[in-house]
Structure formats: structure tokens, C-alpha cells
Amino acid sequence: MTKMELMEMGLKERQAEKLLEWSNAERAVEHQNAQQWKSRCEKAEGELAKSRMEWQMDLALLEAGARSSRAARALVENGRIAWKDGKLEGLAEEILRIKREAPYLFREGENPPPPMKGRTVKAGESKEKWRKEAGLM
């Protein structure tokens with residue numbers, strides 16, 4: 001609204017000016033609050049994306065037989081990995097490179113984590129069965 005429109009509605013000039021000042025101040029505060037929430041949201045989205053990348057990287061390293069995903073992840077060159085369509089591209093090549101450079105970080109054969117119930121491994125059990133027991137599937 002303009003000052004003239006307010007005066008046509010019956011407000012005096014001083015009242016119209018004060019109302020416009022108050023309205024502009026309210027808009028400025030609302031704009032500032034919106035900017036703060038927008039920056040908080042962007043920060044949270046960035047943290048979430050970083051967490052997703054780390055989880056996918058840890059999962060891929062553990063599936064590749066890493067003894068410690070933390071130790072193996074320290075050797076990953078992040079510049080060679082790209083986040084595209086919810087997947088890490090180039091990670092498989094990085095894992096192969098790390099396996100060549102630091103084979104001691106990886107198990108030699110297939111050695112899935114122990115089942116949750118603590119029983120021993122039986123011959124012929126598949127990785128999928130273990131994952132179901134651990135609640136990973």
C-alpha cells in the first residue's frame with residue numbers, strides 16, 4: 001500500500017507514515033528471519049549429504065573386506081570420487097587402488113561380521129543370511 005491509499009482510507013498523513021514505517025520494519029525482520037532459516041536449512045542439507053557420502057563409503061569399504069573402514073577411508077583421495085545421482089562414482093577404483101597399496105587393511109577371503117546371536121559360522125552360509133541376522137537388510 002502507498003501513503004496516498006492509506007490517506008484515502010481515512011488515515012491522517014502522520015498515521016499513514018507511521019503505519020508504512022512499521023510495515024517496512026516488519027518486512028525487514030521477516031526477510032532477515034527467512035534468510036536465517038534458509039542458511040540453516042542449507043547447512044543441514046550439506047551435513048546430511050556429507051553423512052550420506054561417509055555412510056556409503058564406509059559400507060563399500062566394509063563390503064570390500066576392510067578391517068577398519070576408518071583407516072581405509074583415510075587413504076581415499078576424495079578428489080577422485082564424485083557424488084552423482086545418490087551414488088559415489090570412482091569409489092570402486094579407489095578401493096582397488098587402496099587394496100594394492102595397503103593390502104594389510106583388507107581381509108584376504110570372505111569373512112563377514114559375526115552373526116548377532118553369537119553362533120559359529122556353518123559351511124555354506126551366505127552373506128545375505130548374515131546381513132538379515134544383523135538387521136542390515
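Values quoted throughout were computed directly from the atomic coordinates according to the rules given, and no laboratory measurement underlies them. Here the structure is a predicted model, which is why all the values come from computation and not from measurement. Neighbour counts run over all protein chains shown; Cβ positions are idealised from the backbone, glycine included.
Some observations on this one:
- Dividing the Cα radius of gyration of region 1-64 by its Kirkwood radius returns 1.57 for Rg/Rh.
- In the set (1) 2, 8, 12, 11, 10, 9, 7, 5, 4, 4, 4, 4, 4, 4, 4, 3, 2, 1, 0; (2) 2, 9, 18, 21, 21, 16, 9, 3, 1, 0; (3) 2, 8, 14, 16, 16, 14, 11, 7, 4, 3, 2, 1, 0, 0, 0, the label that goes with P(r) over Cα pairs in 5 Å bins from 0, in percent computed for this structure is (1).
- In sequence order, calculated HN-Hα J values of region 30-40 (Karplus, 6.51, -1.76, 1.60; Hz; x Gly/Pro): 4, 5, 5, 4, 4, 5, 5, 5, 5, 5, 5
- Top of Glu77, Glu21, Glu47 by mean-square fluctuation, Gaussian network on the chain, Cα under 10 Å: Glu21
- Selection of trypsin sites (Lys or Arg not before Pro), region 50-79, meeting DSSP coil and at most 15 other Cβ within 10 Å: Arg67
- Label-point separation, Lys132 to Gln36 (7 Å along Cα→Cβ), nm: 5.2 nm
- Cα-centre dipole for region 3-106 with unit charges at Cβ (Lys and Arg positive, Asp and Glu negative), debye to 20: 460 debye
- For region 74-86, putting each phi into the Karplus relation 6.51 cos²θ - 1.76 cosθ + 1.60 with θ = phi - 60° gives couplings of 5, 8, 6, 8, 4, x, 8, 10, 10, 8, 9, 6, x Hz, in residue order, rounded to whole numbers and with x for Gly and Pro.
- Chain lengthening between Met1 and Leu96 when straightened (0.36 nm per residue, less Cα-Cα): 27.6 nm
- Using 0.36 nm per residue and subtracting the Cα-Cα separation, the extra length available between Arg52 and Lys84 on full extension is 10.3 nm.
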